[in-house]
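Reading through the structure tokens given below for one structure.
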Amino acid sequence: MNITPFRFGPPEKSLYGVFHAAETRRQPVEAVLLCNPFGQEAVRIHRLYRLLAERLARKGIHVLRFDYFGTGESAGEDNDATLRTWIADIHLAHQELKNRSRAASITWLGARLGGALCAMASASAASPPQSLVLWESVANGTDYLRELAQAHVDAVAYSIWGTAIALADVKDEAIGFGVSAELLRELKAVNASQFASHKAERVTLITNSGAPGGDEVLRALQQNGRPVEHVKLDIAFDWTSEEAMNTALVPANALQLISNMLEKGPA
Amino acid sequence: MAFGPHRHLVGTLTMPTGQEPGTTAVLLTNAGVIHRMGPHRFNVKLARELARKGMPCFRVDISGQGDSQSPANSQPFEQQAVSDLKAAMDHMQRVCGVDKFVIAGICSGAHNGLATAMVDDRVVGLWMLDGYVYPTAKTQKVRYMHQLKTRFLPTLGSWASSAVRKASDRVKGMMAPDSAALLTDFGHKAPSKEEFAATMKTLLDRHVCIYMVYSGSILWNYNYPEQLQDAFIGHDFVHRVRCDYIPDVDHTATTLQAQRRLIDCITGWALDTFAQGRVASR
């Protein structure tokens, strides 16, 4: 396997990326950019993204996964993170992937907040992706923050016997990650209606069974007028569960479905 | 950066800026299956804090974890983890000229650090959060009291259903697991008390500084400050290691407050113990 960890972007704001070069030739050359969700959800999905990248590379598709500024292995601290920066990071990563792969077609795949970021970033991209795949995208920032706060309360209660914190007391952190006032303000403003102005030629929306917000995102994407495919995935994926507690990291059906979908390539 | 005999390992080096780096470096490794950034990015935050205080830090993914590959001729998991951490030290030695290392690990990271220290003299310090645990008779009593105090009715209900289940198992002829099988840590089999005591003695005789920390997440197995001393009465090593029980911090540092507490804990200890020149003069 040809896997290259590297840094890109301006030195003071360097981003960490891992490029999985295609192992077989494929025409036209295709590439996939994997965009992380936020905080614990990004920790949770790391393994799945890595396996997905390896699988796609074996099928002849170049893949880049990367960490936004202030997250993961990239420069910056939790409180430096903003959605505005992350959208710029997606543009930068897209260019990096284009340079490395020479791909004629690039797909962005984003899970949860990563899905919302992909849709919003494509609207402002000078060089938009051919396709978007949004996996259980966040539809409403206020609802999402409420979910994160509840997950934070649950995680604390689960981690230390007899400990409880009130939902109202969760203000500037989410399951171990700092949330600045600016990020909080930006997150509250996230709304599926913003996704309608995406510039991709086609979009696939994946929703997990029973997950809220899917219809809202679907309606917004359909308003764009370009083709939208809606795929329902029969799993209940716990996005914030603690990896260390031996939970299933990579649901096989999710990996299979997404990799098959991306291997098919542009219609 | 990629390193290791097959260039299959990936790590992130965080160097002090604006000051002479210390002569002792800190290695941080995976906690369970979490990649090298650590649970809730704890390892990144810790590495940057240590570097700000002058200590170089290398965060590594062992084989098959995070961004590291598995080598073609990989060994059994624990042996491979030791080989990987040795390779990390080799690499740092080449790149930074450092030849003394502290390995800091959480859970399985603590186990891997301990195993590496046993076979590599370059390890001069170990910081272990929720490493191997040895419950005592008092552990069970403390747990029962704590359970009753915090969740009285659910605890009584749980005990009643457990008693019924055990009686039913006896009728069906199913045996309870023996006590040795209970000496596990998140699925990892712990060494016997005798083996553990001998390991600690060996390392301490080699002047390895050891700091054990137990969190509030393992109420079932560790739940009062003097437990280590009680579990190893008659063993001199318990008086030669530092051991803290921090009940308001959890296994994976889930809150920012817990992260701050643990970062201060390890940074303070590492600087006091391994600041430039001190280890060499011990």
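The values are calculated or read from the model by the stated rules, or taken from the named source; none is laboratory data. Just so you know, these numbers come straight off a predicted model, no measurement behind them. Virtual Cβ from ideal backbone geometry, glycine too; neighbours counted across all protein chains shown.
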Discussion item. All but one of (1) within 14 Å of chain A (Cβ to nearest Cβ); (2) at pLDDT 95 or above; (3) buried (at least 20 other Cβ atoms within 10 Å of the Cβ); (4) under 30 Å from A:Arg65 (Cα atoms) hold for B:Ala81; state the number of the condition that does not hold.
Written reply: (1)
Fill in: Any helices (runs of 4 or more DSSP H) falling wholly within region B:213-282 and containing at least 1 residues that are at pLDDT 95 or above
B:227-231, B:256-274
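Might you check whether a residue that is surrounded by 20 or more Cβ atoms within 10 Å (Cβ to Cβ), of a type in the set (Phe, Trp, Tyr) and more than 22 Å from B:Ala253 (Cβ to Cβ) occurs anywhere in region B:42-51? Write out each step before concluding.
First pass over region B:42-51, keeping only residues surrounded by 20 or more Cβ atoms within 10 Å (Cβ to Cβ): B:42-47, B:50-51.
Then drop every residue that is not of a type in the set (Phe, Trp, Tyr), which leaves B:42.
Now narrow it down to the ones that are more than 22 Å from B:Ala253 (Cβ to Cβ): none.
Checked region B:42-51: no residue is surrounded by 20 or more Cβ atoms within 10 Å (Cβ to Cβ), of a type in the set (Phe, Trp, Tyr) and more than 22 Å from B:Ala253 (Cβ to Cβ).
Which one of these is more than 20 Å from B:Thr254 (Cβ to Cβ), surrounded by 15 or more Cβ atoms within 10 Å (Cβ to Cβ) and at pLDDT 95 or above: A:Ala189, A:Ala196?
One residue alone meets the criteria, A:Ala196.
Here is a list: A:Glu54, A:Glu73, A:Glu77. Which entry is crowded, with 23+ Cβ neighbours inside 10 Å and not hydrophobic (A, V, I, L, M, F, W, C)? Spell out the reasoning first.
Details: A:Glu54 fails: crowded, with 23+ Cβ neighbours inside 10 Å; A:Glu77 fails: crowded, with 23+ Cβ neighbours inside 10 Å.
Sole residue among the options that is crowded, with 23+ Cβ neighbours inside 10 Å and not hydrophobic (A, V, I, L, M, F, W, C): A:Glu73.
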Practice prompt. For region A:136-156, enumerate the residues that are among the aliphatic types (A, V, I, L, M) and within 19 Å of the chain's Cα centre (by Cα).
Written response: A:Val138, A:Ala139, A:Leu145, A:Leu148, A:Ala151
Worksheet item: Quick one: which of B:Arg151, B:Arg143 is modelled with pLDDT under 75 and within 14 Å of another protein chain (Cβ to nearest Cβ)?
Response: B:Arg151
Worksheet entry | Condition broken by B:Val142, with the remaining ones in (1) in the same structural domain as B:Leu9 (by TED's automatic domain parsing); (2) of a type in the set (A, V, I, L, M, F, W, C); (3) within 27 Å of B:Val213 (Cβ to Cβ) satisfied | (1)
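Consider region B:214-232. How many of its residues are within 12 Å of B:Pro247 (Cα to Cα) and within 14 Å of chain A (Cβ to nearest Cβ)? Give the derivation first.
Here is the first cut: in region B:214-232, the residues within 12 Å of B:Pro247 (Cα to Cα) are B:214-219, B:222-225.
From what's left, within 14 Å of chain A (Cβ to nearest Cβ): B:214-219, B:222-224.
Total meeting the criteria: 9.
Quick one: which strands (runs of 3 or more DSSP E) sit completely within region B:50-135 and have at least 1 residues that are touching a residue at least 12 places away in the same chain (Cβ under 8 Å), in contact with a strand residue (DSSP E or B) (Cβ under 9 Å, 6 or more places away or on another chain) and closer than 25 Å to A:Leu48 by Cα? It would help to see each step written out before you state the result.
Working: elements: B:57-61, B:100-106, B:123-129.
In region B:50-135, the matching strands (runs of 3 or more DSSP E) lie at B:57-61, B:100-106.
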Practice prompt. Go through region B:219-235 and give me each residue that's touching a Lys or Arg at 6+ places or on another chain (Cβ under 7 Å) and surrounded by fewer than 18 Cβ atoms within 10 Å (Cβ to Cβ).
Written response: B:Trp220, B:Tyr224, B:Asp230
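In region B:7-30, which residue that is more than 13 Å from chain A (Cβ to nearest Cβ), outside any loop (DSSP other than H, G, I, E, B) and under 16 Å from the mean Cα position of the chain (by Cα) is surrounded by the most Cβ atoms within 10 Å (Cβ to Cβ)?
Here is the first cut: in region B:7-30, the ones more than 13 Å from chain A (Cβ to nearest Cβ) are B:15-16, B:18-27, B:29.
If we keep only those that are outside any loop (DSSP other than H, G, I, E, B) too, we end up with B:24-27.
When the remaining residues are screened for being under 16 Å from the mean Cα position of the chain (by Cα), the result is B:26-27.
Details: B:Val26: 27, B:Leu27: 25.
Checked region B:7-30; the qualifying residue surrounded by the most Cβ atoms within 10 Å (Cβ to Cβ) is B:Val26.
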Response to the item:
Residue hits (region A:136-146; charged (D, E, K, R) and buried (at least 19 other Cβ atoms within 10 Å of the Cβ)) are A:Glu136
Discussion item. Out of everything in region B:31-49 that is in a helix (DSSP H, G or I) and at positive phi, what residue ends up being nearest to the other protein chains (Cβ to nearest Cβ)?
Written reply: B:His40
Fill in: Complete set of residues in region B:157-188 that are surrounded by 12 or more Cβ atoms within 10 Å (Cβ to Cβ), farther than 30 Å from B:Phe77 by Cβ and modelled with pLDDT under 75
B:Trp159
Worksheet entry | Residues of region A:13-38 satisfying the condition of being within 12 Å of another protein chain (Cβ to nearest Cβ) and either farther than 27 Å from A:Val190 by Cβ or in contact with an Asp or Glu (Cβ under 8 Å, 6 or more places away or on another chain) (or both) | A:Tyr16, A:Gly17, A:Val18, A:Phe19, A:His20, A:Asn36
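On the given criteria, is A:Asn208 away from every other protein chain (no Cβ under 14 Å), in contact with a strand residue (DSSP E or B) (Cβ under 7 Å, 6 or more places away or on another chain) and among the polar types (S, T, N, Q)?
Working: away from every other protein chain (no Cβ under 14 Å): yes; in contact with a strand residue (DSSP E or B) (Cβ under 7 Å, 6 or more places away or on another chain): yes; among the polar types (S, T, N, Q): yes.
Considered against the rule, which asks whether it is away from every other protein chain (no Cβ under 14 Å), in contact with a strand residue (DSSP E or B) (Cβ under 7 Å, 6 or more places away or on another chain) and among the polar types (S, T, N, Q), A:Asn208 comes out as yes.
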Practice prompt. Say whether the condition of being in the same structural domain as B:Ile210 (by TED's automatic domain parsing) and part of a helix (DSSP H, G or I) is met by at least one residue in region B:146-163.
Written response: no
Practice prompt. Taking A:Ala248 as the residue in question, decide whether it is at pLDDT 90 or above and out of contact with any strand residue (DSSP E or B) (no Cβ under 8 Å at 6 or more places or on another chain).
Written response: no
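Does B:His251 fit the bill of being touching a helix residue (DSSP H, G or I) at 6+ places or on another chain (Cβ under 7 Å) and within 14 Å of chain A (Cβ to nearest Cβ)? Lay out the reasoning, then the answer.
On the way: touching a helix residue (DSSP H, G or I) at 6+ places or on another chain (Cβ under 7 Å): yes; within 14 Å of chain A (Cβ to nearest Cβ): yes.
Taking the combined requirement at face value, the residue satisfies it.
Within region A:157-174, restricting attention to residues that are under 25 Å from the mean Cα position of the chain (by Cα) and surrounded by 15 or more Cβ atoms within 10 Å (Cβ to Cβ), which residue is nearest to the other protein chains (Cβ to nearest Cβ)? Quick ask: steps written out before the conclusion?
Within region A:157-174, the first condition is being under 25 Å from the mean Cα position of the chain (by Cα), and the residues that meet it are A:170-174.
Cutting the leftovers down to surrounded by 15 or more Cβ atoms within 10 Å (Cβ to Cβ) gives us A:170, A:173-174.
Numbers: A:Val170: 10, A:Glu173: 5, A:Ala174: 10 Å.
Filtering first and then ranking leaves A:Glu173.
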Worksheet entry | Residue among A:Gly39, A:Gly60, A:Gly17, A:Gly70 that alone is touching a Leu at 6+ places or on another chain (Cβ under 8 Å) and on the phi > 0 side of the Ramachandran plot | A:Gly39
